[in-house]
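*Asks:* Would you mind keeping the following structure in view while I ask a few things?
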Amino acid sequence: MTSPDCYACATEARFEELPSRERIASDQYWRVAHAVGTALPGWLVLLPRRHVTAVHELTDAEAADLGTWQVRLSRALRDVTGCAKTYVVQFAEAEGFAHVHFHIVPRGADLPPEQRGPGVFALLGRPEGEQVPAEQADRLARSLRARLRGRTDEEETAEPGRDHR
């Protein structure tokens with residue numbers, strides 16, 4: 001089930017064509033992408049692969065995998081970015097983004113106090129010149145994918161696979 005006015009559903013419909021940053025990892029229920037419009041490298045979004053607008057609409061199987069994904073992504077972000085911790089946030093209220101999605105945000109030790117906690121959202125929706133460049137997001141995606149698979153970046157590049165979990 002998809003919704004034609006939903007950014008996440010429109011992106012999911014083109015899954016096979018997406019760049020690395022838009023399909024860092026996936027399974028039958030979830031897809032992981034680097035956030036768009038962010039100035040913070042490694043800001044991830046965990047999305048259900050079907051249209052869901054509220055957490056209570058998740059199936060038991062989707063819900064069972066949710067916590068595992070959040071912890072695995074947090075660990076991978078710590079290993080790849082060196083962040084002190086991660087934030088896990090879910091609102092799904094913005095126009096065109098009502099599709100449930102979880103922000104998995106790396107919080108570095110050097111993040112200024114005013115950008116910690118909810119203030120981190122000041123780093124989202126940034127002007128194009130401040131956004132993480134696509135090439136950098138793709139490099140991070142490859143490193144995160146390798147970490148999630150327990151492989152090195154070099155092994156991942158030499159033998160990319162279809163199942164990104």
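The values are calculated or read from the model by the stated rules, or taken from the named source; none is laboratory data. These figures come from a predicted structure and were not determined experimentally. As a convention, Cβ positions derive from the backbone with ideal geometry for all residues, glycine included, and neighbour counts pool all protein chains shown. In case anyone asks, the SASA skips ligands and DNA or RNA and just uses the protein heavy atoms, side chains included. Shrake-Rupley method; radii C 1.70, N 1.55, O 1.52, S 1.80 Å.
*Asks:* What's the total number of residues in segment 24-46 that are out of contact with any Ser or Thr (no Cβ under 9 Å at 6 or more places or on another chain), within 18 Å of PRO133 (Cβ to Cβ) and open to solvent by 30 Å² or more (accessible area, probe 1.4 Å)? Explain how you work it out, then say what you get.
*Replies:* From segment 24-46, those out of contact with any Ser or Thr (no Cβ under 9 Å at 6 or more places or on another chain) are 24-28, 30, 35-40, 43, 45-46; that's our starting set.
Among the residues that remain, those that are also within 18 Å of PRO133 (Cβ to Cβ) are: 24, 35-40, 43, 45.
From what's left, open to solvent by 30 Å² or more (accessible area, probe 1.4 Å): 36, 39.
Within segment 24-46, residues that are out of contact with any Ser or Thr (no Cβ under 9 Å at 6 or more places or on another chain), within 18 Å of PRO133 (Cβ to Cβ) and open to solvent by 30 Å² or more (accessible area, probe 1.4 Å) number 2.
*Asks:* Among the residues of segment 124-153, count how many are within 23 Å of ARG72 (Cβ to Cβ) and either in contact with a Lys or Arg (Cβ under 7 Å, 6 or more places away or on another chain) or open to solvent by less than 30 Å² (accessible area, probe 1.4 Å) (or both).
*Replies:* Total satisfying the criteria: 11.
*Asks:* Going by what's in this entry, would VAL55 be described as open to solvent by 40 Å² or more (accessible area, probe 1.4 Å), within 18 Å of ARG147 (Cα to Cα) and not charged (D, E, K, R)?
*Replies:* In short, no.
*Asks:* Among the residues of segment 108-117, is there at least one that is aliphatic (A, V, I, L, M), closer than 24 Å to TRP69 by Cβ and assigned to a helix (DSSP H, G or I)?
*Replies:* Checked against the condition, which is being aliphatic (A, V, I, L, M), closer than 24 Å to TRP69 by Cβ and assigned to a helix (DSSP H, G or I), segment 108-117 yields no hits at all.
*Asks:* Suppose we filter ARG14, ARG49 for residues that are modelled with pLDDT of 95 or more, of a type outside the set (Val, Ile, Thr) and either open to solvent by 50 Å² or more (accessible area, probe 1.4 Å) or in contact with a Ser or Thr (Cβ under 6 Å, 6 or more places away or on another chain) (or both); which single one remains? Spell out how you get there, then give the answer.
*Replies:* Details: ARG14 fails: modelled with pLDDT of 95 or more.
The unique qualifying residue is ARG49.
*Asks:* If you don't mind, there's one more thing I want to ask. Quick check on segment 71-92: of everything there that is hydrophobic (A, V, I, L, M, F, W, C) and assigned to a loop (DSSP other than H, G, I, E, B), which residue is surrounded by the most Cβ atoms within 10 Å (Cβ to Cβ)?
*Replies:* CYS83
*Asks:* Does segment 84-141 hold any residues that are over 25 Å from ALA63 (Cα atoms) and aliphatic (A, V, I, L, M), and which are they?
*Replies:* ALA84, ALA109, LEU111, VAL120, ALA122, LEU123, LEU124, VAL132, ALA134, ALA137, LEU140
*Asks:* Out of LEU124, LEU77, LEU66, which single residue is among the aliphatic types (A, V, I, L, M) and farther than 18 Å from ARG23 by Cα? Spell out the reasoning first.
*Replies:* Numbers: LEU77 fails: farther than 18 Å from ARG23 by Cα; LEU66 fails: farther than 18 Å from ARG23 by Cα.
Checking each option against the conditions leaves just LEU124.
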